[in-house]
Amino acid sequence: MADTETRPKTEEGPVAPAAAAPEAAAGRREQHDAPGGDLAGLEAGLDALDTRTAARTPLPVLLRRKALPPLVAVVLVLGLWQAAFALQLKPDYQLPSPLMVWDALAEEWYKGTILSIVWQSVSRGALGFAVALLAGTPLGLLVARVGPVRAAIGPILSGLQSLPSVAWVPAAIIWFGLTDATIYAVVLLGAVPSIANGLVAGVDRIDPLHLRAGTVLGATGLRGVRHVLLPAALPGYISGLKQGWAFSWRSLMAAELIATSPELGVGLGRLLETGRAYQDMPLVLGAILLILLVGIGIELLVFAPLERRVLRHRGLLR
């Protein structure tokens with residue numbers, strides 16, 4: 001007679017549920033007991049909630065959409081500029097043609113000075129922005145998360161952000177004289193409020209559910225900042241960084257224009273001032289063009305890819 005009773009499987013067969021359950025429970029306990037695993041899982045889970053699949057656009061289509069419109073705009077501007085020169089709306093020493101500006105830049109290039117001039121300004125701007133980043137990030141976190149600090153400093157930060165950076169130049173010259181410290185002080189005073197306010201805006205847009213979930217799972221204090229607050233505020237934070245760089249660059253040009261001294265070297269602002277002093281309009285417009293190109297280049301090479309990566313990772317890029 002056949003035996004119809006249910007028996008546990010032997011070691012050669014599949015593992016019995018009763019035997020597998022303790023191992024699974026032990027695995028869950030190990031995962032739960034690891035604090036880094038919990039927080040990493042929380043961060044990944046919050047990102048997964050926000051993530052939507054976005055198909056990558058083919059390169060030819062991307063170039064047609066992104067590169068062609070600005071190229072057409074540049075051609076139109078140059079055409080209008082050349083038309084204004086041909087119609088002699090102003091004398092040529094006041095409104096030179098695009099070709100005359102190109103020749104002025106080419107002359108600076110043949111002198112071998114133009115790269116050192118651009119590097120002088122870019123290195124100052126990058127160093128000033130890096131220091132502003134180190135100062136503005138903790139300041140923004142304090143203003144965003146500590147109520148009394150926000151009430152005391154928040155309006156001042158907003159006011160400083162709207163203050164033209166050129167207003168700080170006379171005060172910085174009195175404080176530090178005609179030295180590099182004057183230029184860096186103006187850059188910091190222009191960039192720090194923008195970075196801090198951008199981070200505050202990013203923290204304000206975090207879903208409260210994310211913050212509560214982090215608190216429940218033990219992500220408090222610096223761990224909460226590292227695993228919940230900064231990742232969730234990243235889009236607003238990057239916008240603040242872009243704005244901070246723009247303010248750094250503007251502040252630097254204002255400082256280089258006013259604070260001139262042989263010890264400070266020649267940057268783009270000094271080149272602009274030299275063109276004005278010699279009534280050399282092609283050089284003035286050439287310097288303005290270089291300042292514009294550097295600003296656009298930093299935006300396209302640094303901040304735009306960083307912003308696209310963050311937005312694509314969160315499914316926010318269309």
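The values are calculated or read from the model by the stated rules, or taken from the named source; none is laboratory data. Bear in mind the structure is a predicted one, so any value in this text is a computation, not a measurement. Cβ placement follows ideal geometry from the backbone for every residue including glycine, while neighbour counts extend to all protein chains displayed. Areas reflect the complete protein model, heavy atoms only, side chains present, ligands, DNA and RNA absent. Shrake-Rupley method; radii C 1.70, N 1.55, O 1.52, S 1.80 Å.
For residue 126 and residue 207, a Förster radius of 41 Å and the Cβ-Cβ distance give a FRET efficiency of 0.75, rounded to the nearest 0.05. The distance separating the Cα centre of region 99-116 from that of region 202-276 comes to 33 Å. Across region 191-202, rounded Karplus estimates of 3J(HN,Hα) from the backbone phi angles (6.51 cos²θ - 1.76 cosθ + 1.60, θ = phi - 60°) give 8, 4, x, 5, 5, 5, 5, x, 5, 4, 5, x Hz, Gly and Pro being marked x. For region 173-305, the gyration tensor built on C-alpha atoms gives a prolate shape. Its axis ratio a/c (a ≥ b ≥ c) is at least 1.5, and a/b is the larger of a/b and b/c. For region 121-200, the per residue solvent-accessible surface stands at 43 Å², with DNA, RNA and ligands left out and a 1.4 Å probe.
Here's the picture: charge each Lys and Arg Cβ at +1 and each Asp and Glu Cβ at -1 in region 230-286, and of 232, 266, 283 the one pushed furthest to the positive end of that dipole is 232.
The gain in end-to-end length when the residue 71 to residue 90 segment is fully stretched comes to 4.2 nm, 0.36 nm per residue minus the alpha carbon separation. Among 195, 174, 298, the order of accessible area from largest down is 174, 298, 195, computed with a 1.4 Å probe on protein heavy atoms. Express the carbon and sulfur contribution to the solvent-accessible surface of region 132-258 as a percent, rounded to the nearest whole number, probe 1.4 angstrom. C and S atoms contribute 71 percent here. Averaging the sequence gap over all C-alpha pairs within less than 8 Å and six or more residues apart, then dividing by the number of residues, gives region 175-318 a relative contact order of 27 percent.
Once all protein chains are placed together, residue 64 keeps about 140 Å² accessible to a 1.4 angstrom probe. Put 303, 85 in order of accessible area, highest first, and with a 1.4 Å probe you get 85, 303.
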